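S.K.: Before I ask anything, here is the structure I am working with.
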Amino acid sequence: MKQNPKRCVKKREHPIDPANVLGKKNKEREISAADHRLLGQQLDLFSISEDVGVGLVLWHPNGTIVRNVIRDYWEKEHLQNGYQLVCTPHIARRELWKTSGHLDYYEQNMYVFEKDGEGLVVKPMNCPFHIAIYKARPRSYRELPIRYAEWGTVYRYERSGTLQGLLRVRGFTQDDAHIFCTAEQVKQEILTLLDFTRRIMRRFGFEEYRVYLSTRDPEHPEKYMGSNEEWQRAQNALAEALQEKTIAFREVPGEAVFYGPKIDMNIVDAAGREWQCTTLQFDFNLPKRFNITYVGADNKEHEVVMIHRALLGAIERFFAILLEHCNGNLPTWLAPVQVSVIPVSDDCLEYAESVHRKLVSCGIRAELDDSTSTVSYKIRNAELQKIPYMAIVGKHEAETGRIAVRKHGTGNAGSMAIKELARQIRKHGN
Ligand SMILES: [Zn+2]
């Protein structure tokens with residue numbers, strides 16, 4: 001984590017310096033103004049309605065645009081990096097969750113119901129579905145690794161007192177994937193995943209991490225599924241991959257869940273807060289419970305190695321973190337509206353309409369502010385909506401076929417051709 005050494009020294013010298021206290025207060029005020037719930041309302045991105053149910057998120061049109069842009073980017077990256085996209089149902093038979101063990105250990109968090117005498121469960125996880133796709137036919141070692149990825153929406157019961165905006169909800173979408181591979185392929189998979197995660201997070205402006213390797217409690221191996229050899233091999237593969245990528249990490253013995261070791265790559269946001277998003281998790285439990293195997297080069301059946309991984313985690317939560325990280329100033333490639341076209345007067349409306357059409361045809365998300373408000377009000381409104389660009393058009397622009405561009409937060413960016421603005425925006429990764 002980046003630290004300001006000067007500030008630390010000052011703090012020690014003057015532990016009750018009023019300036020420090022005031023600074024802290026200001027910082028708190030900044031954070032509360034950047035609360036994702038306020039930003040969500042101000043920018044009309046999402047809401048949670050008691051009529052619908054607590055912990056259930058309604059994505060408004062603007063929020064849905066951002067969500068879809070994130071998903072398109074995510075899907076493209078996954079397809080280019082050896083993943084296959086899958087799509088699975090929202091409910092499944094009770095028996096499936098009996099096999100997976102969820103019904104025995106997790107039922108208090110599951111929505112279980114009955115229809116025509118058949119027990120059904122609203123899915124709290126996607127894993128059993130991906131396993132079912134894997135098991136749809138026999139698999140050869142030649143096919144491995146198989147990587148199934150899905151934006152899978154799951155529902156988990158959380159007590160109403162624990163719910164908090166988008167950070168803790170009852171229905172959410174995970175950017176989930178499951179990797180099925182051989183023991184020999186594990187290390188390479190982890191190496192690739194570490195690079196992949198960092199590239200994806202960098203795209204959203206997160207460069208700083210705290211990384212944890214959760215391992216078995218060496219004093220109590222009986223508490224865990226899987227053999228000593230499996231644990232040792234998996235823990236070594238994770239640690240070696242982190243070392244090879246020179247990623248600093250902290251090992252936390254005893255923090256692993258009973259079914260396998262994991263890596264958490266927690267992102268650090270602009271306010272220095274740490275958030276758990278990315279998890280790469282081994283599983284020695286489900287392959288045994290579901291008997292998932294592959295046929296090896298020796299023509300014999302072998303148990304497959306299974307890794308669960310989510311990079312962004314829950315999309316709702318990631319969206320909240322991202323919003324607070326950038327204080328609602330989403331990068332241009334994610335902004336729901338990238339350009340507000342603002343005519344100076346009604347005389348220029350026709351030209352403004354043509355500018356709007358041209359930007360849209362160039363693939364830019366543009367809106368036309370044809371309200372009767374004054375220009376200064378329209379500019380102020382676009383600033384409040386945190387729209388990255390404004391294209392202001394008056395008589396002069398209509399005559400020259402150009403636009404006067406303003407950038408959010410910085411102001412006048414000069415006169416330019418419509419295509420030039422479209423080019424600049426696309427360069428930011430549209
Ligand atoms: Zn899983």
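S.K.: Please work out how many pairs of lysine residues in the stretch 242-386 are eight or more positions apart (or on different chains) and have Cα atoms closer than 23 angstrom.
M.R.: Details: 245/262; 262/288; 288/300; 358/378; 358/386; 378/386.
Here the count comes out as 6.
S.K.: Quickly work out the residue 199-to-residue 255 label distance, labels modelled 7 Å from Cα along the C-beta direction, and quote it in nm with one decimal.
M.R.: 2.7 nm
S.K.: Continuing with the same structure: Can you compute the FRET efficiency between residue 143 and residue 68 using 1/(1 + (r/R0)^6), with r the Cβ-Cβ distance and R0 = 35 Å? Round to the nearest 0.05. Could the numbers behind the result be given before it?
M.R.: Details: r = 31 Å, r/R0 = 0.89.
Efficiency, rounded to the nearest 0.05: 0.65.
S.K.: Related question: Which Rg and Dmax, in Å, describe the Cα atoms of the stretch 339-427?
M.R.: That works out to 11.5, 33 Å for Rg and Dmax.
S.K.: Using a 1.4 Å probe over the heavy atoms of the protein chains, calculate the carbon and sulfur portion of the accessible area of the stretch 91-169 as a whole percent.
M.R.: Details: 1920 of 4050 Å².
Looking at the stretch 91-169 in its full context, I get 47 percent from C and S.
S.K.: Right, something else. Of 58, 239, 110, which is farthest on the positive side of the dipole of the chain, counting Cα position, with +1 on Lys and Arg Cβ, -1 on Asp and Glu Cβ, and the Cα centre as origin?
M.R.: About the Cα centre, the residue reaching furthest to the positive side is 239.
S.K.: Also, quick follow-up: Mean shadow of the stretch 98-191, computed from the convex hull of its alpha carbons, in nm²? Walk me through the numbers on the way to the answer.
M.R.: Details: hull surface 34.9 nm².
Computing the convex hull of the Cα atoms and averaging its projections yields 8.7 nm².
S.K.: Between residue 211 and residue 415, take the C-beta separation as r, use R0 = 45 Å, and let me know the FRET efficiency to the nearest 0.05. Kindly include the intermediate steps, with their values, before the conclusion.
M.R.: On the way: r = 48 Å, r/R0 = 1.06.
The calculated FRET efficiency here is 0.40.
S.K.: Within a Cβ distance under 13 Å of residue 296, other residues only, what is the Lys/Arg minus Asp/Glu net charge?
M.R.: Values: positive: 139, 142, 300; negative: 143, 184, 298, 301, 303.
Computed value for this residue: -2.
S.K.: Additional query: With +1 on the Cβ of every Lys and Arg and -1 on the Cβ of every Asp and Glu, and nothing else charged, how large is the dipole of the chain about its Cα centre, in debye rounded to the nearest 20?
M.R.: That gives the chain a dipole magnitude of about 980 debye.
S.K.: Taking every DSSP beta bridge that has both residues in the stretch 339-427, what percent is antiparallel when rounded to the nearest 5? All intermediate terms of the calculation are to be shown ahead of the outcome.
M.R.: Values: 10 of 18 bridges.
Restricted to the stretch 339-427, the bridges split so that about 55 percent are antiparallel.
S.K.: Turning to a different aspect of this structure: If you average the sequence gap of Cα pairs under 8 Å that are 6 or more apart and divide by the length of the chain, what percent do you get for the contact order? Show your work: numbers first, answer last.
M.R.: Details: 716 pairs, mean separation 58.4, N = 430.
That works out to 14 percent.
S.K.: Using every Cα-Cα pair within the stretch 68-128, state what percent have a distance larger than 17 Å. Please list the in-between numbers first.
M.R.: Working: 938 of 1830 pairs.
For the stretch 68-128, the fraction of Cα-Cα distances above 17 Å is 51 percent.
S.K.: How long is the gain from residue 163 to residue 273 if the chain were fully straight, where each residue apart is worth 0.36 nm and the alpha carbon distance is subtracted? Working shown, then result.
M.R.: Values: separation 110, 0.36 × 110 = 39.60 nm, distance 1.94 nm.
Length gained, residue 163 through residue 273: 37.7 nm.
S.K.: Test of understanding: what is the full-extension gain from residue 297 to residue 90, defined as 0.36 nm times their sequence separation minus their Cα-Cα distance?
M.R.: Working: separation 207, 0.36 × 207 = 74.52 nm, distance 3.67 nm.
The residue 297-residue 90 span can extend by a further 70.9 nm.
S.K.: Here is a follow-up. Just grab the label-to-label distance for residue 58 and residue 371, each label 7 Å out from Cα along the Cβ direction, in nm (one decimal).
M.R.: 2.1 nm
S.K.: Here's something else I'd like to know. Run the numbers for residue 327 and residue 81: contour at 0.36 nm per residue of separation, minus the present Cα-Cα distance, in nm. If you can, show how the numbers build up before the last one.
M.R.: Details: separation 246, 0.36 × 246 = 88.56 nm, distance 3.13 nm.
Length difference between fully extended and current span is 85.4 nm.
S.K.: For the stretch 33-77, I need the span (max minus min coordinate) of the C-alpha atoms along each principal axis, in Å, sorted largest to smallest.
M.R.: Rounded to whole Å, the extents work out to 36, 26, 15 Å.
S.K.: Bins of 20 Å, beginning at zero and ending with the bin holding the largest distance: percent of Cα pairs per bin for the chain, please.
M.R.: The distribution over the chain is 21, 48, 26, 5, 0, given as percents.
S.K.: What would the Debye formula give as log10 I(q)/I(0) at q = 0.14, 0.16, 0.21 Å⁻¹ for the alpha-carbon point model of the stretch 154-258, no solvent?
M.R.: Taken in order of the listed q values, log10 I(q)/I(0) reads -0.79, -0.99, -1.21.
The values are calculated or read from the model by the stated rules, or taken from the named source; none is laboratory data. Model, not experiment: these values are computed from the prediction. Note that we place each Cβ from the backbone using ideal geometry, even for glycine, and neighbour counts take in every protein chain shown. SASA here: full protein model, heavy atoms, side chains in, ligands and nucleic acids out. Shrake-Rupley method; radii C 1.70, N 1.55, O 1.52, S 1.80 Å.
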